[in-house]
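These notes concern the structure reproduced below.
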Amino acid sequence: MADSLQVPQGFLAAVSDAVGPDHCLSDPDLKASYELDWTRRFGGPAIVVARPADTFEVAKVLAACSRFRVGVVPQGGNTGLVGGSVPRHGEAVLSLSRLNRVLSCDPEEGLIVAEAGTTLAAAQVAAASVRSELGIDIAARDSATLGGMVATNAGGVHVIRYGPMRARLGGVEVVLADGSVASRLSGLVKDNVGYDLAQIMAGSEGTLGVVTKVALHLVAVPLFRVTALVALRGTEHSSANPAAGVASVSKVAVSLALSLRRHVDGIDALELVYADGMALVREALALPAPSDPGADAWLLVEASGGQDPSDMLARAIEDATGVTEIAVADDAAGRARLWAYRERHTEAIATLGVPHKLDVTLPMKNFAEFAGAVSAEVSAALGGSDTRVILFGHVGDGNLHVNLIGPEPEDYRGDDAVFEMVIRRGGSISAEHGVGVAKLGFVSSARSAGDLTVMRRVKNALDPGGILNPGVLLPPVA
Ligand SMILES: Cc1cc2nc3c(=O)[nH]c(=O)nc-3n(C[C@H](O)[C@H](O)[C@H](O)COP(=O)(O)OP(=O)(O)OC[C@H]3O[C@@H](n4cnc5c(N)ncnc54)[C@H](O)[C@@H]3O)c2cc1C
């Protein structure tokens with residue numbers, strides 16, 4: 001990336017003093033991996049990359065950024081998909097990667113406390129060592145950090161059972177823009193003494209403070225866990241009208257998902273993939289054929305509990321309309337094989353080029369119609385240009401990932417068409433990835449004027465100099 005940034009005199013020395021010269025990166029080669037996001041769609045040169053070792057050093061970096069009025073982008077695993085984790089206009093990057101220690105993991109209190117740069121996978125290992133789980137999981141677990149997951153209020157595959165990151169939080173430690181530290185990590189379930197620091201930070205995308213420690217509630221490892229990959233066919237099969245086919249099988253999937261949610265105890269996950277995404281994943285990653293290779297879509301179902309859910313699951317699925325075949329696994333390796341068809345979609349899509357990743361929620365009653373209509377509307381918005389639209393998602397909570405491959409990174413016509421469709425149908429333009437810079441243009445349509453006023457006042461109160469992730473989440477005042 002071109003590096004012609006104006007550096008305020010004395011700023012680099014102050015950062016170097018804060019974190020030590022080895023962790024104050026100004027060499028373009030050393031900075032490069034921090035300057036481009038996971039999708040390769042967003043990024044720009046950083047004035048410096050600071051890699052503090054602890055809360056104290058984070059505070060010193062933020063104090064320096066405040067003093068020199070330099071914008072700062074907090075960065076965890078850099079797996080965010082909306083462009084909020086990378087610099088755009090020569091900000092400093094504050095990487096949390098060295099704050100990666102698990103501090104305590106107590107099954108009796110049901111609480112894990114870890115530094116914010118701890119990866120989800122590392123926290124999962126710590127929880128497993130005391131026969132517990134976190135109740136939250138995403139495919140980016142090996143890189144995504146707890147701090148980044150708080151900042152984006154990450155969702156993932158277990159939201160229908162345990163809620164998003166916000167629901168798992170037992171507390172946070174945060175460094176504010178001026179370098180002061182606020183901490184509440186007790187994990188008490190009942191603790192109504194004023195505003196909730198952790199909840200203010202959840203979903204704030206690095207605009208209100210830098211999370212340095214995270215406390216998460218634990219759940220017990222269930223005695224039984226079963227995963228099923230359910231092949232589905234819709235009633236419409238016309239190559240002349242693929243949209244009708246997608247709408248038809250989506251209707252089947254939504255109906256089955258709703259029925260399972262109502263009638264089976266302990267449903268952990270309800271994930272949907274379609275035939276084109278399945279073909280891509282199999283080809284890109286050399287996976288074997290799934291159950292009913294000619295199906296229109298597959299619903300991945302997972303259930304767990306103190307009793308074996310297999311029979312209840314089988315009864316609920318076998319007689320459902322549109323089900324053609326079921327593959328079931330209850331051992332870790334077999335379950336991982338079934339999950340790969342769903343989890344490796346993001347990776348497989350990235351092999352096609354730089355995707356526009358649009359993560360939306362629809363009311364369940366509008367999900368199938370939206371899924372059927374979206375390709376044609378995107379194509380019309382892009383003047384019939386050659387765009388591939390690949391859908392998959394967390395159908396259990398109405399969350400669909402719409403991936404556009406073809407438009408240039410800065411061409412927003414397809415994105416705008418999708419967001420307009422979602423808003424017309426009463427959905428959300430951001431289900432779980434946040435706003436970042438990718439969805440800024442639609443925040444004013446997605447939030448009331450009153451809502452936006454509150455958000456701006458909170459931002460101004462906590463970050464009066466506007467140094468924290470400038471240009472992310474809040475659109476400029478018109
Ligand atoms: C393969 C793949 C699968 C994914 N699956 C899911 C999924 O199922 N559900 C889901 O919700 N997301 C998913 N994501 C998106 C991404 O993993 C999440 O948004 C995750 O929470 C980002 O964590 P991170 O540590 O990588 O944060 P980053 O990408 O580094 O940052 C994300 C945002 O958080 C801010 N931030 C980071 N760390 C801190 C901190 N310590 N304090 C304050 N602000 C901070 C950044 O400034 C930025 O705005 C997926 C991504 C990939 C690549």
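Throughout, read-outs are computed from the coordinates displayed, never taken from laboratory work. Here the structure is a predicted model, which means the values were calculated and not measured. When we count neighbours, we look across all protein chains shown, and the Cβ atoms used for this are built from the backbone with ideal geometry, even at glycine.
Quick rundown of the values:
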item: Dipole moment magnitude, nearest 20 debye, the range 349-437 about Cα centre, only Lys, Arg, Asp, Glu C-beta charged; result: 260
item: The range 93-130 versus the range 281-360: alpha-carbon centroid distance in Å; result: 29
item: Using alpha-carbon coordinates, inclination of helix 55-68 to the longest axis of the chain, degrees; result: 70
item: HN-Hα J in Hz across the range 167-179 - Karplus 6.51, -1.76, 1.60, θ = phi - 60°, x for Gly and Pro; result: 7, 8, 6, x, x, 8, 10, 9, 9, 7, 4, 8, x
item: The range 224-346, dipole about Cα centre (Lys/Arg Cβ +1, Asp/Glu Cβ -1), debye to the nearest 20; result: 220
item: Estimated dipole of the chain in Debye, rounded to 20 [Cβ of Lys and Arg +1, of Asp and Glu -1, Cα centre]; result: 860
item: Stretchable slack from Glu325 to Asp411, in nm (0.36 nm times residue separation minus alpha-carbon distance); result: 26.9 nm
item: Across Lys213/Lys357; Lys251/Lys439; Lys190/Lys213, pairs whose alpha-carbon gap is larger than 24 Å; result: Lys213/Lys357; Lys251/Lys439
item: Pair Ala336, Arg101: separation of 7 Å Cα→Cβ label points (nm); result: 3.0
item: Stretch gain in nm, segment Val7-Ala373, where the contour uses 0.36 nm per residue and the Cα spacing is subtracted; result: 126.9 nm
item: Charge tally in the Cβ shell below 11 Å around Gly203, where Lys, Arg are +1 and Asp, Glu are -1, Gly203 excluded; result: -1
item: Tilt relative to the chain, helix 413-424 - C-alpha long axis, 0 to 90 degrees, to 10; result: 70
item: In the range 139-245, chymotrypsin sites (Phe, Trp or Tyr not before Pro) in a DSSP loop with at most 14 other beta-carbon atoms within 10 Å; result: Tyr195
item: Of all DSSP beta bridges in the range 11-95, antiparallel share, percent nearest 5; result: 30
item: Total formal charge among the other residues, if their Cβ is under 10 angstrom from that of Gly77, Lys/Arg +1 and Asp/Glu -1; result: 0
item: Neighbour-limited loop hits for trypsin sites (Lys or Arg not before Pro), the range 1-52 (at most 14 other Cβ within 10 Å; DSSP other than H, G, I, E, B); result: Arg40
item: DSSP-defined antiparallel bridges as percent of all bridges, the chain, nearest 5; result: 90
item: Residues Asp451 and Asp29, FRET efficiency given R0 of 30 Å [Cβ-Cβ distance, rounded to 0.05]; result: 0.10
item: Environment charge of Leu287, counting only residues whose C-beta is closer than 9 Å and scoring Lys/Arg +1, Asp/Glu -1; result: +2
item: FRET efficiency for Leu223 and Ala478, using Cβ-Cβ distance with R0 set to 41 Å, rounded to 0.05; result: 0.15
item: Ser180/Ser255 FRET efficiency (R0 56 Å; Cβ-Cβ; nearest 0.05); result: 0.60
item: Prolate/oblate/rounded label for the range 224-346 (Cα gyration tensor, a/c 1.5); result: oblate
item: Loop-located GluC sites (Glu not before Pro) in the range 352-438, at most 14 other Cβ atoms within 10 Å (DSSP); result: Glu410
item: Computed lengthening from Asn192 to Arg40, 0.36 nm per intervening residue step minus Cα-Cα distance; result: 50.4 nm
item: For the range 123-169: rounded, prolate or oblate by the Cα gyration tensor [a/c cutoff 1.5]; result: oblate
